[in-house]
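Q: I'd like to ask some things about the structure below.
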Amino acid sequence: MTAPASPTVLELSGITKRFGRIVANEDVDLALRRGEILALLGENGAGKTTLMSILFGHYVADAGHVRVTDGADGLRELAPGSPQAALTAGIGMVHQHFTLADNLSVLDNIILGSEPLWRFRQRKRQARAKLAEQMQRSGLAVDLDAKTGALSVGERQRIEILKVLYRDVRVLILDEPTAVLTPQEADGLFSVLRRLADDGLAVIFISHKLDEVMAVSHRVAVLRAGRKVFEARTSEVDKPTLSARMVGGAVPESRRQPRAAGSVVLELSGAGVASTEGRTGLHDVDLTVHAGEIVGIAGVSGNGQAALSALVAGLAAPDHGVMKLYGEAVTRHSPSRFIGQRVGRIPEDRHRQGVVGTMSVWENLAIETARQPGSSALGFLRRRRLTGEAGGIIKRYDVRGATPDTEVRLLSGGNTQKLILGRVLERAPKLILANQPTRGLDVGAVAYVHERLLAARDDDAAILLISEDLEELMAVSDRIAVLFHGRLTEAQPVESLDIRTIGLLMAGQSAEPDHAGGAGDGTRAA
């Protein structure tokens, strides 16, 4: 896409922000034109979130200025540290994690907070008319009277964007907008963004997915270690160049080599887990994972992944059906028992489920093995031994900025994930549950995680990989199954699948062509 020659609507100049000794942003300049889609890239900890937080008023820069359009062709200084000032100036932001009230209608969610508290009645008739016009112009169709909790993830994202457009923004910031979308929903979002840009909206698009960046953006800017290190028209760069600019060097490509799978390590036969409030269960799931293979589980978030993960980690027992480990039926389900049976777990949320932020690196590494032989004596942890082991893991897994006594909360997301990988893989597990192992990681950290998982597979570990990133699943999985509303399709060899087919199954549609040779018959997956 060619960048439009239009007036500048946003200008950041000399932005610098420090947190103690840490320099989050250093002398960053960035400009955005009317009708332009700018992709903002960078490793974890590169300063993207801090920069956008300064723009949106959550942080105050130590130095530098933010100027926004005054509605004509001029720019005016934006008051620092005020989200309300940013909204008034026409800046809107859609976060990766939605902030919608499930018990309210779509209309109520959109207008919530947009009217003065002293107004006793909401002007819903005027709101409907305005939204009808905006939906017509943008292509963001949604039923305004529908209960939000009953809508799909893609529909919820449309609501988030409409919430921002309803406030007449001129600049839209999207943070990882496709993280929870099917490929078809992502394509629909890109069409909407192009239409909005054609209508004059300026967009900042934050993403780790370089294919999307190449497809939708006019221009790309790269942050590294808090500084802007690269900027160019998207049409003049390629993905390897962007990857290298993000990490400061070439990114190794992980390649899965075909190999024969071994014996069955994990088997689920007709397994079911009851649904709970806010969480989809499992319905008669059949699944096998063999030694020396990676079985990928695709699906839009909230379709039973949490229940499957809990089952395999020993946090839940099946309400019906059978679960077998190494050919034996499991009769006692507990995480400690599963750890003793050499089951390793990379949890979905590394910060809430994977580590204790206020504990040190060595304590977090010992947290799952404290009761194992050799870790303690007479009821006391063998600190010297455990800190020595922690130092070895820090070195072998390249956990940067860490010592055994460093509090984990001070580590970046990527280094925290390396720490969890080391804790799991150093025990040479026979079964590894990897739940969203690269979520939110940059291209360098993603490549590292993939390399380690493939190495474990080649050492005969059985790996169950749950991921919402289809490119990841296609790159490292030997077989892939799809979860939809708690039901699991049969796992198919990756060579027989493509992203379009998986996307249809994720949406609950048949991947079989119809009689007229169309894309699918729209029936629900079994």
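Q: Sort through V482, V476, V446, V494 and tell me the only one that's of a type in the set (A, V, I, L, M) and open to solvent by 30 Å² or more (accessible area, probe 1.4 Å).
A: Result of the check over V482, V476, V446, V494: V446.
Q: Scanning the range 324-353 for residues that are of a type in the set (K, R) and assigned to a helix (DSSP H, G or I), which turns out most open to solvent (accessible area, probe 1.4 Å)?
A: Ranking the candidates gives R352 first.
Q: Would you pick out the residues in the range 74-119 that are at pLDDT 90 or above, part of a loop (DSSP other than H, G, I, E, B) and either touching a Phe, Trp or Tyr at 6+ places or on another chain (Cβ under 9 Å) or crowded, with 16+ Cβ neighbours inside 10 Å (or both)?
A: If the condition is that a residue be at pLDDT 90 or above, part of a loop (DSSP other than H, G, I, E, B) and either touching a Phe, Trp or Tyr at 6+ places or on another chain (Cβ under 9 Å) or crowded, with 16+ Cβ neighbours inside 10 Å (or both), then L78, P80, G81, A89, G90 are the ones that fit.
Q: Then there is this: Can you name the helices (runs of 4 or more DSSP H) wholly within the range 165-255 that have at least 1 residues being closer than 21 Å to R33 by Cα, out of contact with any Leu (no Cβ under 8 Å at 6 or more places or on another chain) and not β-branched (V, I, T)?
A: Fully inside the range 165-255 and qualifying: 183-198, 210-216.
Q: Give the residue, chosen from T358, T387, that is assigned to a helix (DSSP H, G or I), touching a residue at least 24 places away in the same chain (Cβ under 8 Å), β-branched (V, I, T) and over 29 Å from L282 (Cβ atoms).
A: Only one candidate qualifies: T387.
Q: Does P437 count as in a loop (DSSP other than H, G, I, E, B), in contact with a strand residue (DSSP E or B) (Cβ under 6 Å, 6 or more places away or on another chain), in contact (Cβ under 8 Å) with a residue 24 or more places away in the chain and closer than 15 Å to N44 by Cβ? Full working, then the answer.
A: Working: in a loop (DSSP other than H, G, I, E, B): yes; in contact with a strand residue (DSSP E or B) (Cβ under 6 Å, 6 or more places away or on another chain): yes; in contact (Cβ under 8 Å) with a residue 24 or more places away in the chain: yes; closer than 15 Å to N44 by Cβ: yes.
Judged against the criteria, P437 is a match.
Q: When you go through G272, G226 one by one, which is the residue that is surrounded by 22 or more Cβ atoms within 10 Å (Cβ to Cβ) and more than 20 Å from the chain's Cα centre (by Cα)? Spell out the reasoning first.
A: Working: G272 fails: surrounded by 22 or more Cβ atoms within 10 Å (Cβ to Cβ).
Going through G272, G226 in turn, the sole match is G226.
Q: While we're looking at this one, here's another question. Any residue that is open to solvent by 10 Å² or more (accessible area, probe 1.4 Å) and either assigned to a helix (DSSP H, G or I) or without any contact (Cβ under 8 Å) to a residue 24 or more places away in the chain (or both) - is there at least one of those in the range 459-467?
A: Applying the first criterion (open to solvent by 10 Å² or more (accessible area, probe 1.4 Å)) to the range 459-467 yields 459-460.
Okay, now just the ones that are also either assigned to a helix (DSSP H, G or I) or without any contact (Cβ under 8 Å) to a residue 24 or more places away in the chain (or both), so none.
Scanning the range 459-467 turns up no residue that is open to solvent by 10 Å² or more (accessible area, probe 1.4 Å) and either assigned to a helix (DSSP H, G or I) or without any contact (Cβ under 8 Å) to a residue 24 or more places away in the chain (or both).
Q: Could you tell me whether the range 280-290 includes any residue that is farther than 24 Å from A445 by Cα, in a loop (DSSP other than H, G, I, E, B), among the hydroxyl-bearing types (S, T, Y) and open to solvent by 20 Å² or more (accessible area, probe 1.4 Å)?
A: Yes: one or more hits.
Q: Being β-branched (V, I, T), more than 18 Å from G413 (Cβ to Cβ) and open to solvent by 10 Å² or more (accessible area, probe 1.4 Å) is the filter here; which residues of the range 24-54 pass it?
A: We begin by selecting, within the range 24-54, every residue β-branched (V, I, T); these are 28, 37, 49-50, 54.
Next cut, more than 18 Å from G413 (Cβ to Cβ) only: 28, 37, 54.
Selection gives I54 alone.
Q: Take V68 and tell me if it is among the β-branched types (V, I, T) and either surrounded by 16 or more Cβ atoms within 10 Å (Cβ to Cβ) or part of a helix (DSSP H, G or I) (or both).
A: So V68 passes the test.
Q: Does A455 meet the test of being out of contact with any Pro (no Cβ under 7 Å at 6 or more places or on another chain) and assigned to a helix (DSSP H, G or I)?
A: Considered against the rule, which asks whether it is out of contact with any Pro (no Cβ under 7 Å at 6 or more places or on another chain) and assigned to a helix (DSSP H, G or I), A455 comes out as yes.
Q: Just a yes or no: is a residue in the range 161-176 free of Cβ contacts under 8 Å to residues at least 40 places away in the same chain, surrounded by fewer than 19 Cβ atoms within 10 Å (Cβ to Cβ) and within 18 Å of N109 (Cβ to Cβ)?
A: For the range 161-176, residues free of Cβ contacts under 8 Å to residues at least 40 places away in the same chain, surrounded by fewer than 19 Cβ atoms within 10 Å (Cβ to Cβ) and within 18 Å of N109 (Cβ to Cβ): absent.
Q: How many of the residues making up the range 372-391 are of a type outside the set (A, V, I, L, M, F, W, C), open to solvent by less than 50 Å² (accessible area, probe 1.4 Å) and either within 13 Å of K418 (Cβ to Cβ) or at pLDDT below 90 (or both)?
A: Summing the residues that are of a type outside the set (A, V, I, L, M, F, W, C), open to solvent by less than 50 Å² (accessible area, probe 1.4 Å) and either within 13 Å of K418 (Cβ to Cβ) or at pLDDT below 90 (or both) in the range 372-391 gives 3.
The values are calculated or read from the model by the stated rules, or taken from the named source; none is laboratory data. Note that the structure is a prediction, hence the values are computed from the model and not measured. Reconstructed Cβ throughout: ideal geometry from the backbone, glycine too, with neighbour counts over all protein chains shown. All accessible areas refer to the heavy atoms of the entire protein, side chains included, with ligands and DNA or RNA removed. Shrake-Rupley method; radii C 1.70, N 1.55, O 1.52, S 1.80 Å.
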